[in-house]
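Report on one structure; see the data block that follows.
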Amino acid sequence: NSLGNATTSFLSSSGAPLWLNNLIVDGIIAGVGGVMVFLPVIILFFFMFAVVENSGYMARAAFVMDRIMHHMGLHGKTFLPLLLGYGCNVPAIMATRTLENKKDRLIAILINPLIPCGARLGVMTFIVSIFFKGMMATLVMLSLIAISLLLVFLMGIIFRKFVLPGEHPPFLMELPPYQMPYIKDILILTGERAWIFIKKAGTIIVAVSIVIWYLSNYPGGDINSSYAAMIGRALQPVGSLMGFDWRIIVALIAGFGAKETTITTLGVLYASSGGGPGFISGITASFTPLVAYTFLLVQMIYVPCLATVAIIRKETGSWKWTGVAVGYTLLLAFILGSLTYGIGKLLGWG
């Protein structure tokens, strides 16, 4: 708020046009600021992961998980890229290079987007804190994580049995000795991974925030007659099967650029529609707990972000498999979202 107010004062005194002021303050600063609140949590995650990684435990974790991964037709090494996905799916997919078998690697790439990254976990935590309190909030988060893990397991089996059949090679891995991690190495790894996140915020998120701001303010300056509203309303018949109005649909579309922008977009749309600063009053008036849970489920599963799609294309070298990754996650999210909302309504939870 302080930066936005200072920028508004500076631009006003400089004689800048109103549209430029709105673009910078409501589009760029609000967009990036909404994402930076997740940075401390992500830095802490990267720090703790680096500690475990440098202590020598990660290799042992892969060995311990080999029996479970074997039921998916994969071996323990696949566990490491999946675990990395909780930080960011981009480096997690790049980490599949450690898998020697081409089919194993492709399956690991395809199921990795089902792991909720730090950005999606941040969005989930924020929405859960609004609609669910105390033990219920904990149970909701645990249920979502459990669903994601179940989907990873089931899709791994489906891809192995029906799409990429084959036997995985024996699991061979050298177990390094346990050691006290060096603080210098931990800080370097944490800094490098945090910088990747910041660069993502400084490029994709800024671009998406500008696009969303433009779609939300033009052609007439009224959110209810904007291009964003037109897109959302056109897709609302589909979204209504999950209890979504056009604003939720637009936020999910914006999330393709970067998952963090889902909250930013909801903030822009609900605030512009009279929800007020921070949009909490608007979102609580428009969401029921059932809609909130369905939204969280869909947001966790559907199409991976643009950066993840790009890295899938790079690592697989195929638009075909990139399309499979996008298509099956979108279809899975729609099916589960519709079932969750429909069953919830039948049980009277709406």
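A count restricted to segment 69-78 and to residues that are surrounded by fewer than 20 Cβ atoms within 10 Å (Cβ to Cβ) and at pLDDT 75 or above stands at 0.
In segment 303-328, how many residues are under 21 Å from ALA146 (Cα atoms) and either crowded, with 22+ Cβ neighbours inside 10 Å or of a type in the set (A, V, I, L, M, F, W, C) (or both)? Before you say what the answer is, go through the steps one by one.
The first filter runs over segment 303-328 and keeps only residues under 21 Å from ALA146 (Cα atoms), leaving 303-304, 325, 328.
Imposing the further condition that a residue be either crowded, with 22+ Cβ neighbours inside 10 Å or of a type in the set (A, V, I, L, M, F, W, C) (or both) reduces the set to 303-304, 325.
Result for segment 303-328: 3.
Checked against (1) surrounded by fewer than 20 Cβ atoms within 10 Å (Cβ to Cβ); (2) closer than 16 Å to ASP245 by Cβ, GLY337 meets all criteria but (1). Of VAL41, VAL64, VAL37, VAL51, all but one fail to be among the β-branched types (Val, Ile, Thr), modelled with pLDDT of 80 or more and either more than 17 Å from the chain's Cα centre (by Cα) or farther than 25 Å from PHE162 by Cα (or both); the exception is VAL51.
Could you identify the single residue in ALA234, ALA229, ALA207 that is open to solvent by less than 30 Å² (accessible area, probe 1.4 Å) and either modelled with pLDDT under 80 or within 30 Å of THR288 (Cβ to Cβ) (or both)? Break it down into steps so the answer makes sense when it comes.
On the way: ALA234 fails: open to solvent by less than 30 Å² (accessible area, probe 1.4 Å); ALA207 fails: open to solvent by less than 30 Å² (accessible area, probe 1.4 Å).
Testing whether each residue is open to solvent by less than 30 Å² (accessible area, probe 1.4 Å) and either modelled with pLDDT under 80 or within 30 Å of THR288 (Cβ to Cβ) (or both) leaves just ALA229.
State the number of residues belonging to segment 119-131 that are closer than 15 Å to PRO91 by Cα and surrounded by fewer than 24 Cβ atoms within 10 Å (Cβ to Cβ). Can you show your working first?
We begin by selecting, within segment 119-131, every residue closer than 15 Å to PRO91 by Cα; these are 119.
Going one step further and asking which of them are surrounded by fewer than 24 Cβ atoms within 10 Å (Cβ to Cβ), we end up with none.
Looking only at that region, the number is 0.
The number of residues in segment 307-350 being touching a Phe, Trp or Tyr at 6+ places or on another chain (Cβ under 8 Å) and of a type in the set (Phe, Trp, Tyr) comes to 1.
Among the residues of segment 132-146, how many are assigned to a helix (DSSP H, G or I), farther than 19 Å from LEU80 by Cα and open to solvent by 50 Å² or more (accessible area, probe 1.4 Å)?
Within segment 132-146, the subset assigned to a helix (DSSP H, G or I) is 134-146.
From the residues that got through so far, the ones that are farther than 19 Å from LEU80 by Cα too are 134-144.
Filter once more, so that each one left must be open to solvent by 50 Å² or more (accessible area, probe 1.4 Å): 134-136, 138-139, 142.
Count: 6.
Looking across PRO289, PRO304, one residue alone is farther than 16 Å from ILE111 by Cα and touching a residue at least 60 places away in the same chain (Cβ under 8 Å). It is PRO289.
The values are calculated or read from the model by the stated rules, or taken from the named source; none is laboratory data. As the structure is a computational prediction, the values presented were derived from the model and not from experiment. Cβ atoms come from the backbone with ideal geometry, glycine included; neighbour counts cover every protein chain shown. To get the accessible areas, we keep the full protein, side chains included, count just its heavy atoms, and leave off ligands, DNA and RNA. Shrake-Rupley method; radii C 1.70, N 1.55, O 1.52, S 1.80 Å.
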